[in-house]
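Undergrad: Quick one: structure below, then a few questions.
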Amino acid sequence: MSALSPAEVKNSSTNKGNKGDFLIDLENQYGANNYHPLNVVLEKGEGVWVYDVEGKKYLDCLSAYSAVNQGHCNPRLLQKLVDQASKLTLTSRAFRNDQLGPFCKEICELTGYEMVLPMNSGAEAVETAIKAARKWAYNVKNVPDNKAEIITCHNNFHGRTISIISFSSEPSYQKGFGPFTPGFTSVEYGSIEKIEAAMNDNTAAVLIEPIQGEGGVVVPPEGYLKKLSSICQEKNILLIADEIQTGLGRTGKLLACQHEEVTPDVVILGKALSGGFYPVSAVLASKEVLGVFSPGEHGSTFGGNPLGMSLAREALKILVEEKLIENAAELGEYFLEGLRKIETSCSYIECIRGKGLMIGVVLTPEAKGARRFCEALQKEGILCKETHENVIRFAPPLVITKTEIDWALDKISQVMKTL
Ligand SMILES: *Cc1c(COP(=O)(O)O)cnc(C)c1O
């Protein structure tokens, strides 16, 4: 193996076009081809802005799928990272560390839950919630052994493990990866009748996104979550909200479920829980639910590590102290209004939906896919990613300002009118 010297990188840029192209070639040659990214190679970020290797500046309207709600390289998080990394990074849970306890207390007080279980990736937290729900079904609800069922929704996204893709309705997530994990049923998103019809005595839980993110920013009908919550309560079924993308201020509330004053039995967080510095996820619930775990029954080497916990504590403080949740509510509304104005003079837009700074612009079939719009926006200095072929998602970091949104609206308007 030979590392590339700076001179080599520089040389290659004269030989093979620019430095970005050279780095893209390296990825394509040596990296597994499991993504279809825009061809932009980023090397620096600050707040809502990112810079590519040629120095071109872009407004980030994806925020790493809402992982950098606090803005790129947030200085407070950077300081925490440096401080904590120079003290202690990992103990494993074989020993205790001085960050875990305070994290548990602070996140429980902020969200109103009794207990928390920290993990790393979002998918791991979803798996943890599923395990907790199944064990709760056997220990508390008295469902017969191995009969617990979990209801999920079509068009969901909860991660990429074998069990999680077992209940995906996206063919490309499943094809070639079977056999799948049993115990899941899937119903139409947004329909109370369908979800109620799928419930039975063995139903342990309903697992749901309050707004489907990867599914194309799909907002369920008003009152859906509220009704679902009361049916679950009535039938002694756990309501598990996957707020990995919608949570932590993205939609203008700390949790998206709060828009309907719904308190799910279990909440799953990830992504912005560490502001993009380090993977931290968590499952929040009552003692009745998370209390089902005894020593040795579940775990993770990195889960609850002091570096992650220190970052998560600060990431939560930033959201509250810098009023990022309020900013998302106010500027989300402003962004949406601006987009609606563009909609009136653009025949390619079918509808615009979302809450707070989680916005999806749905294009008509005549628009021939969202990808070409994302590529045109890239040229204008705005980075966003199509979701579900025909939806452009706008989800900038929550530190965005009105001036920056005005700048973006101007560019978006230009692209929507000229393409
Ligand atoms: C991103 C995401 C996940 C998976 O998180 P990873 O950290 O990628 O494993 C799960 N659920 C939702 C709603 C997400 O947006």
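Undergrad: What number of residues within segment 371-419 are among the hydroxyl-bearing types (Ser, Thr, Tyr) and in contact with a helix residue (DSSP H, G or I) (Cβ under 7 Å, 6 or more places away or on another chain)?
TA: 1
Undergrad: I need the full set of residues from segment 37-47 which are of a type in the set (A, V, I, L, M) and either part of a strand (DSSP E or B) or touching a strand residue (DSSP E or B) at 6+ places or on another chain (Cβ under 6 Å) (or both), in order please.
TA: Val40, Val41, Leu42 - these are the residues of segment 37-47 that are of a type in the set (A, V, I, L, M) and either part of a strand (DSSP E or B) or touching a strand residue (DSSP E or B) at 6+ places or on another chain (Cβ under 6 Å) (or both).
Undergrad: Oh, and also: Residues being within 21 Å of Asn155 (Cα to Cα) and either touching a residue at least 40 places away in the same chain (Cβ under 8 Å) or surrounded by fewer than 24 Cβ atoms within 10 Å (Cβ to Cβ) (or both): count how many of those fall in segment 233-248.
TA: So the answer is 7.
Undergrad: For segment 301-309, indicate whether the set of residues that are farther than 16 Å from Ile412 by Cβ, of a type in the set (S, T, N, Q) and either without any contact (Cβ under 8 Å) to a residue 60 or more places away in the chain or part of a loop (DSSP other than H, G, I, E, B) (or both) is non-empty.
TA: The answer is yes; a qualifying residue exists.
Undergrad: Within the group Gln70, Gln79, which residue is part of a helix (DSSP H, G or I), out of contact with any Lys or Arg (no Cβ under 7 Å at 6 or more places or on another chain) and polar (S, T, N, Q)?
TA: Selected residue: Gln79, the only one of Gln70, Gln79 that is part of a helix (DSSP H, G or I), out of contact with any Lys or Arg (no Cβ under 7 Å at 6 or more places or on another chain) and polar (S, T, N, Q).
Undergrad: Just wondering, is there one or more residues in segment 265-276 that are within 20 Å of Val320 (Cβ to Cβ), more than 11 Å from the ligand (Cβ to nearest atom) and touching a strand residue (DSSP E or B) at 6+ places or on another chain (Cβ under 8 Å)?
TA: Yes, segment 265-276 contains at least one residue that is within 20 Å of Val320 (Cβ to Cβ), more than 11 Å from the ligand (Cβ to nearest atom) and touching a strand residue (DSSP E or B) at 6+ places or on another chain (Cβ under 8 Å).
Undergrad: Is it the case, given these coordinates, that Leu255 is touching a strand residue (DSSP E or B) at 6+ places or on another chain (Cβ under 8 Å), more than 12 Å from the ligand (Cβ to nearest atom) and within 23 Å of Ile165 (Cβ to Cβ)?
TA: Judged against the criteria, Leu255 is not a match.
Undergrad: Among the residues of segment 327-341, is any of a type outside the set (Gly, Ala, Ser) and in a strand (DSSP E or B)?
TA: no
Undergrad: Could you tell me which residue of segment 360-391 is farthest from the chain's Cα centre (by Cα), considering only residues that are surrounded by fewer than 23 Cβ atoms within 10 Å (Cβ to Cβ) and among the small types (Gly, Ala, Ser)?
TA: Looking at the filtered set, the residue picked out is Ala367.
Undergrad: On to the next question. Can you tell me which residue within segment 249-273, out of those that are without any contact (Cβ under 8 Å) to a residue 60 or more places away in the chain and aliphatic (A, V, I, L, M), is farthest from Glu196 (Cα to Cα)?
TA: Filtering first and then ranking leaves Leu273.
Undergrad: Continuing with the same structure: Do we have any residue at all in segment 203-213 that's among the β-branched types (Val, Ile, Thr), within 12 Å of the ligand (Cβ to nearest atom) and within 29 Å of Lys253 (Cβ to Cβ)?
TA: So far as segment 203-213 goes, yes, one or more of its residues are among the β-branched types (Val, Ile, Thr), within 12 Å of the ligand (Cβ to nearest atom) and within 29 Å of Lys253 (Cβ to Cβ).
Undergrad: Of all residues being within 16 Å of the ligand (Cβ to nearest atom) and modelled with pLDDT of 95 or more in segment 278-296, which is farthest from Gly112 (Cα to Cα)? Just the residue, please.
TA: Taking the candidates together, the pick is Pro279.
Undergrad: Mind listing whichever residues of segment 52-82 are within 16 Å of the ligand (Cβ to nearest atom) and of a type in the set (Val, Ile, Thr)?
TA: Hit for segment 52-82 is Val68, nothing else.
Undergrad: Could you grab me the full set of residues in segment 377-408 that are assigned to a helix (DSSP H, G or I) and within 22 Å of Gly249 (Cα to Cα)?
TA: Answer for segment 377-408, where residues must be assigned to a helix (DSSP H, G or I) and within 22 Å of Gly249 (Cα to Cα): Lys402, Thr403, Glu404, Ile405, Asp406, Ala408.
Undergrad: Filter segment 392-419 for residues that are surrounded by fewer than 20 Cβ atoms within 10 Å (Cβ to Cβ) and not polar (S, T, N, Q) and give the result.
TA: Residues satisfying the conditions are Lys402, Glu404, Asp406, Trp407, Leu409, Asp410, Lys411, Lys417, Leu419.
The values are calculated or read from the model by the stated rules, or taken from the named source; none is laboratory data. All figures in this text were calculated on a predicted structure; none of them were measured in a lab. FYI the Cβ positions are ideal-geometry reconstructions off the backbone, even for glycines, and counts take in every protein chain you see.
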